[in-house]
Amino acid sequence: MSPRTDRTTSGLARSLSAGFRPSRTGGFFFPAGAPLPAVFRSPAVGFSALVGLAWLALHLWSLEWFPFVHSDEAWLASLSRTIWLEKNPAATEEFFRLTPRTPHAIKTLYHLLQGPLVATWWTIGAARLPSLAGGVTAVGLLGVILRRQGLPLPVAAAITLAFALDPLVFAASHLARQEALILAALAGGIAAGSAPAAGVVLGLAVFVHPNSFIAASAVLPWVLYRSRPGRRFRDLAVYLGMLALAGAIALALSLRWDPAFFSNYLAFGRSVGVTAHPLVRLGEALNFIVKMSLGIAGTYYLPPALVQLVTLAVVTPLALALSCWPGVPERTRRLLGTCAWSSLCTAAALVMIGKYSPPSTVFLVPGLYCTLGATLGALAEAMVRRWSRRRGTIVLTGIALAMAGTTGTLLAGELLGMYPPRISPDPSPGTAPEISSEISPEASPGVSRGALPEERASYGRYLARISAAVPPGTPVLAPLNSAFAFEPGQLRVWRDLDLLASGEGSLERFLREEGIQWLVVPREELRLIYRERPLWNQVYGNPHRFYRELEDLLERRGRLRDSFLAPWYGARMIPLARRVEPLVEIYQLDFSPGGQERPGEVPVRSGPGPPEEPGSAAPDPGRGLRGGSPPGGS
């Protein structure tokens, strides 16, 4: 090494040593003795940091129980664990034995992100961490976007807080599904400074979920907005070309794993309405928006969305009108038009796909807050002409804080409504406990009837009761939402019985072939679904294939090992919450030649209760969590 190089290296080392030496005024990232930059000494920044920490603490506190665990979360986590443990991205679900499954590459990246977490910690909290990271990233990127729109810092911070507390965004950040990561990709594409950067972000999203098409459509107007005159066609070609390349790679991998990928995926799309006529899909879209606005739920938790959807329906045409008004400056008009067209492209993409999953409502939210920010920015410019900038900032900050207060109030109501209720443990395995009417999170655990301590009816308790009854590693037939209670390869699921061969004895043959002697039965819900078939056939398939044989097996060969109430999880359908006791019963079957009910066993309920009279009340469509009673779970 030359003397000059040696002196240079020594000087660099001294500079690094000084720059990373802690000091009172500086720190690890600033020269020792130098004052901190003004932004780090600002009270507003300090307050924002405290709010951000409180928001993260709220996420971590409620991550495992808000919202209730849906069976889709257990489904995806199980597949991620299988892919990671087998080191095979083409692996399929291990809990299906009758239902044919075919691999594809469109969710590979999500499984690779979630796989190491659930393979190390098999908990719902670990499964939800990728979504939490996606939600936090989306919130941070939205703040960057709003600042780039020219909004004053207090206004941008208040709108970002409203977005962060929006129940749709908060819930998506907890669901162990792909929506939060797609939401982060959508925000990242808007925040990207160039078409290639946006193409890379949305290209990666192709390997997270097919709904990346929705995010790519929402980002398209922003790619044109950020393009310089004369380069728009080129930037558009670059963006679409990178998306096409990502799609081609995903398609090639899918065809390699499944040569019949086209026909299999088309069959799946046909089953969920993707191939329906455009007018049919448009009508379903209107029906979907009405249901989301009114909270008419099926099996998903529905956050309150009425305020957001109504606001979006108002500000989008308002922004379009302002973008055509000559009195608005050119730059502001372009921004307003871009925000409005982004929301319209998002809605159009939802209709084009035609698969109206309730969690996908969250994709409309970034467009709402970007449009609100642009509208407030246009209002700020008008205020500056009549008032001082300071007064205009105060007024706009007040409006934005009112928005944050609204979303925060909605979120607080949802958290309080879903906080696990107190439940009285049953004194014997054959007696179901009672749910305490006290569900306030501030209430301390009391003592129930019979001097038995009350406990929270949480997802962890649901899993603990199942794990305590079912021996580890033993094959078990159970609801998919209980997957986190079992080891790899142990679970078989009720929905798989939809393809059970018809004929007497088919259920017993299936159980014998799979070596299943343990059953976790959502007894009351299954009984009602059978009685009202085909109304609820989408839950477990057509129960006519197996229900009567199941009742006969439980009566002849079943031994009731545990029975307990599981609010949120003992009944899958939210509309049935007021009509069905969320009772879970765990049975052990005895297939030995003399395996009849023996003296001393806990008596088993024999058969369904009295049928409802003709003309009885139809199933209540429900109002989600705001219906006044705990909904059914996954």
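Here are the numbers for the structure shown:
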read-out	value
Subset tally (residues that are free of Cβ contacts under 8 Å to residues at least 60 places away in the same chain and either in contact with a Leu (Cβ under 6 Å, 6 or more places away or on another chain) or not hydroxyl-bearing (Ser, Thr, Tyr) (or both)) for the range 462-479	9
The range 555-569, residues that are closer than 15 Å to Tyr587 by Cα, in contact with a Lys or Arg (Cβ under 9 Å, 6 or more places away or on another chain) and of a type in the set (Gly, Ala, Ser)	Ser563
Subset of the range 52-71 that is open to solvent by less than 20 Å² (accessible area, probe 1.4 Å) and part of a helix (DSSP H, G or I) - its residue that is nearest to Thr137 (Cα to Cα)	His59
Some residue of the range 389-400 being touching a Leu at 6+ places or on another chain (Cβ under 9 Å) and at pLDDT 90 or above	yes
One residue from Ala171, Ala197 being in contact (Cβ under 8 Å) with a residue 24 or more places away in the chain and not hydroxyl-bearing (Ser, Thr, Tyr)	Ala171
Test result for Ser360, under 20 Å from the mean Cα position of the chain (by Cα), polar (S, T, N, Q) and at pLDDT below 95	yes
Pair list, Cβ under 6 Å, 6 or more apart: the range 514-535 residue more than 12 Å from Leu477 (Cβ to Cβ), other residue of a type in the set (Ser, Thr, Tyr)	Tyr530/Tyr547
Qualifying position, being closer than 27 Å to Val280 by Cα, in the same structural domain as Ala215 (by the TED database) and without any contact (Cβ under 8 Å) to a residue 40 or more places away in the chain, among Pro317, Pro358, Pro326	Pro317
Subset of the range 460-479 [open to solvent by less than 10 Å² (accessible area, probe 1.4 Å) and either in a helix (DSSP H, G or I) or assigned by the TED database to the domain that holds Glu73 (or both)]	Tyr462, Ile466
Matching residues in the range 509-545 - criterion: being closer than 15 Å to Arg97 by Cβ, open to solvent by 20 Å² or more (accessible area, probe 1.4 Å) and at pLDDT 85 or above	Arg509, Arg512, Glu513, Glu514, Gly515
Scan of the range 213-230 for residues that are polar (S, T, N, Q) and either modelled with pLDDT under 95 or exposed (fewer than 15 other Cβ atoms within 10 Å of the Cβ) (or both), ordered by number	Ser227
Residue match in the range 336-353 (condition: open to solvent by 10 Å² or more (accessible area, probe 1.4 Å), out of contact with any Ser or Thr (no Cβ under 8 Å at 6 or more places or on another chain) and more than 21 Å from Trp222 (Cβ to Cβ))	no
Hey, Thr275 touching a helix residue (DSSP H, G or I) at 6+ places or on another chain (Cβ under 6 Å), open to solvent by 30 Å² or more (accessible area, probe 1.4 Å) and not hydrophobic (A, V, I, L, M, F, W, C) or not	yes
Any hit, the range 208-226, residues being farther than 30 Å from Gly413 by Cβ, in a loop (DSSP other than H, G, I, E, B) and either in the same structural domain as Leu335 (by the TED database) or in contact with a Pro (Cβ under 9 Å, 6 or more places away or on another chain) (or both)	yes
Sole exception among (1) closer than 25 Å to Pro210 by Cβ; (2) open to solvent by 20 Å² or more (accessible area, probe 1.4 Å) for Leu318, by number	(1)
Qualifying residue in the range 97-119 (condition: assigned to a loop (DSSP other than H, G, I, E, B), among the aromatic types (Phe, Trp, Tyr) and either surrounded by fewer than 24 Cβ atoms within 10 Å (Cβ to Cβ) or in contact (Cβ under 8 Å) with a residue 12 or more places away in the chain (or both))	no
Test result for Leu165, touching a helix residue (DSSP H, G or I) at 6+ places or on another chain (Cβ under 7 Å), at pLDDT below 95 and of a type outside the set (Phe, Trp, Tyr)	no
Which numbered condition Phe233 fails, given (1) in contact (Cβ under 8 Å) with a residue 12 or more places away in the chain; (2) open to solvent by 40 Å² or more (accessible area, probe 1.4 Å)	(1)
The lone exception for Ala74 - which of (1) open to solvent by 30 Å² or more (accessible area, probe 1.4 Å); (2) closer than 25 Å to Ala205 by Cα; (3) part of a helix (DSSP H, G or I) it fails	(1)
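Quick grid of which residues meet (1) out of contact with any strand residue (DSSP E or B) (no Cβ under 9 Å at 6 or more places or on another chain); (2) open to solvent by 20 Å² or more (accessible area, probe 1.4 Å); (3) modelled with pLDDT of 95 or more:
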| position | (1), (2), (3) |
| --- | --- |
| Val447 | no, yes, no |
| Ala451 | yes, yes, no |
| Phe484 | yes, no, yes |
| Asp496 | no, no, no |
| Gly503 | yes, yes, no |
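The rows are residues; the columns are (1) in contact with a Gly (Cβ under 9 Å, 6 or more places away or on another chain); (2) open to solvent by less than 10 Å² (accessible area, probe 1.4 Å); (3) charged (D, E, K, R); (4) closer than 22 Å to Leu336 by Cβ.
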site	(1), (2), (3), (4)
Pro152	yes, no, no, yes
Val155	yes, yes, no, yes
Ala158	yes, yes, no, yes
Ala162	yes, yes, no, yes
Val169	yes, yes, no, no
Ala176	no, yes, no, no
Leu183	yes, yes, no, no
Ala192	yes, no, no, yes
Ala198	yes, yes, no, yes
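The values are calculated or read from the model by the stated rules, or taken from the named source; none is laboratory data. Model, not experiment: these values are computed from the prediction. Backbone-built Cβ (ideal geometry, glycine too); neighbour counts: all protein chains shown. Please note that ligands, DNA and RNA were not included when accessible areas were found on the heavy atoms of the full protein model with its side chains. Shrake-Rupley method; radii C 1.70, N 1.55, O 1.52, S 1.80 Å.
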